[in-house]
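The values are calculated or read from the model by the stated rules, or taken from the named source; none is laboratory data. What you see is a predicted model; the values in this text were computed from it and never measured. Cβ: placed from backbone, ideal geometry, glycine included. Neighbour counts: every protein chain shown. What goes into the accessible areas is simple: the full protein's heavy atoms, side chains included, and nothing from ligands, DNA or RNA. Shrake-Rupley method; radii C 1.70, N 1.55, O 1.52, S 1.80 Å.
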Amino acid sequence: ACTEAEVVEGIERVCTARGYGLVLANTEEDPIREAAAVRSLVERQVDGILMAPTQRDLAPLLYLARRGIPFSLLARFFKDLDAQAVINDDREGARLAVAHLLSRGHRRILFLNGPPYNSSALLRLEGYRLAHAEAGLPVDEALILTTNARMAGGEAGVEAALRNGLEFTAVFCFSDYVGFGAIRALHRAGLRIPADAAVMGYDDIAFAELTNPPLSTVRIAKTRLGATAAEASADLVRQA
């Protein structure tokens, strides 16, 4: 499954240098499309597969293992699966983001996290908790909400928090897309950003600077991530 353009740029750079062709497939986070894409790539007799899994089903990876196709994971991993994975330090990224908000005086930070099956969501939750612990502050579990990691999820999360009377002065979002939705919902509720509520995203996608005000976010070295994953994947193919 392919991901952001900058990640693909890093992958493509390494593939070209190593003499490999690159076939891209986008699953749109749909496990059915993921399974179909994996089978299609195997039928095309690819040398190996590098994928950002939807994490909804292990079946595609078990299928690759049965077929003897080298595969590695990008940005996400399974705790119970012995597979090569190249990931971001999502725990540390979230810790830094929340620590920054705490340093600015925010004590009630709404966390709009991704789905619980997503390994990045689990790590970012750990980072959220760790930042509070390091500051000697308790975590109000009511401030941790699950979203679908899309813009609509960010909107729904903020709307639910406001509807339930949750008090917060900042919103930490699983992704920039969730952040865009949060900003839209806050504006619709008549709240000012950042005067009434600061918003922090994650990923630093290109559109982050186009919001009003620009979305504060955690930057990921996406090109380097793609290149590192491609190098590791190419080594795995060579060893097969």
Report, in debye and to the nearest 20, how large the dipole of the chain comes out about its Cα centre when Lys and Arg carry +1 and Asp and Glu carry -1 on their Cβ.
-> 80
Taking only the alpha carbons of region 24-97, what extent do you get along each of the three principal axes, in Å, biggest first?
-> 44, 24, 20
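Magnitude of the Cβ-charge dipole of region 160-238, K/R +1 and D/E -1, about the Cα centre, nearest 20 debye?
Dipole size: approximately 160 debye.
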In the chain the accessible area split gives carbon plus sulfur, as whole percent at 1.4 Å, a share of 50
Please pull out the direction-averaged projected area of region 31-148, using the convex hull of its alpha-carbon atoms, in nm² to one decimal place.
-> 8.2
May I ask you to list the chymotrypsin sites (Phe, Trp or Tyr not before Pro) in region 114-195 that are in a DSSP loop and have at most 15 other Cβ atoms within 10 Å of their Cβ?
-> Tyr117
What does the charge add up to near Gly10, with Lys and Arg as +1, Asp and Glu as -1, over the other residues with Cβ less than 12 Å from its Cβ?
-> -2
Length gain on complete extension for the stretch Leu58 to Glu43, per 0.36 nm per residue less the alpha carbon to alpha carbon distance?
-> 3.5 nm
Roughly how many whole Å is it from the C-alpha centroid of region 214-231 to that of region 100-159?
-> 21
Assigning unit charges at the beta carbon (Lys, Arg +1; Asp, Glu -1) and nothing else, what dipole magnitude in debye, to the nearest 20, does region 2-90 show about its Cα centre?
-> 460
Report, to two decimal places, the Cα Rg of region 82-213 normalised by 2.2 N^0.38 Å (N = number of residues).
-> 0.99
Difference of contour (0.36 nm per residue) and Cα-Cα distance, Leu166 to Leu191 = 7.6 nm
Measuring with a 1.4 Å probe in the full set of protein chains, what accessible area per residue, in whole Å², belongs to the chain?
-> 51
Signed unit charges on C-beta, dipole axis of region 43-144, positive-most listed residue Leu125, Ile87, Ile49 | Leu125
Within region 1-62, list the GluC sites (Glu not before Pro) lying in a DSSP loop whose Cβ has at most 16 other Cβ atoms in a 10 Å radius.
-> Glu28
Helical contribution to [θ] at 222 nm, DSSP H n ≥ 4, -39,500 (n - 2.57), averaged over the chain, rounded to 500 = -14500 deg cm²/dmol
Among Ala37, Thr16, Asn26, which residue has its Cα positioned farthest towards the positive end of the charge dipole of region 11-51, with +1 placed on the Cβ of Lys and Arg, -1 on the Cβ of Asp and Glu, and the dipole taken about the Cα centre?
-> Thr16
